[in-house]
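Below is one structure, written out as structure tokens; comments come after it.
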Amino acid sequence: MISKRVAINAGLAALLTLGLGHRAAAVENADFRFDTTKGLYGICSVPADAAEYPPARQACRAFIEAVAQYHDAVSKPGKLKRLVCFPPNATIEDGVTAFNAWAAAKAGDAQAMGAPPVLGLLRALAAKYPCKG
């Protein structure tokens, strides 16, 4: 799937740029695989005071940016129907906040948290920024 590959590559590029050659205490390198929505939530919800916060936040933001760009590209007029209708002033940080709130509410839902992260992210963004009509 192109969107997952783009998102993973963007996240890995962000990590390499930050020089992540060692393991963080609470977040392991394997956590950056983005296999599940739960895994993405683990990365996106790293506390700001944690040593691994900078690379985790960049990976989270890169994943969200890649998914949002792919969604926008495939849902241009004449293509697929939009799943998310962002307001003009929405930021990637707004996306992080929306995803983390949605994932925290779904933490006990094994099916939602076990889904591919692109699905969990799109569900979270669609819940926050639904398309009307």
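Structure values in brief
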read-out: Separation in nanometres of the label points that stand 7 Å from Cα toward Cβ, at Ala105 and Ala48; value: 2.3 nm
read-out: Which of Lys106, Lys76 has the fewest Cβ neighbours within 10 Å, and the rest in rising order; value: Lys76, Lys106
read-out: 25 Å Cα-Cα threshold exceeded, pairs from Lys38/Lys132; Lys106/Lys128; Lys79/Lys106; Lys76/Lys128; Lys38/Lys76; value: Lys38/Lys132; Lys79/Lys106; Lys38/Lys76
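Values in this text are rule-based calculations from the coordinates and carry no lab data. Since we're looking at a predicted model, the values are computed, not measured. Note that each Cβ is placed from the backbone with ideal geometry, even for glycine, and that neighbours are counted across all protein chains shown.
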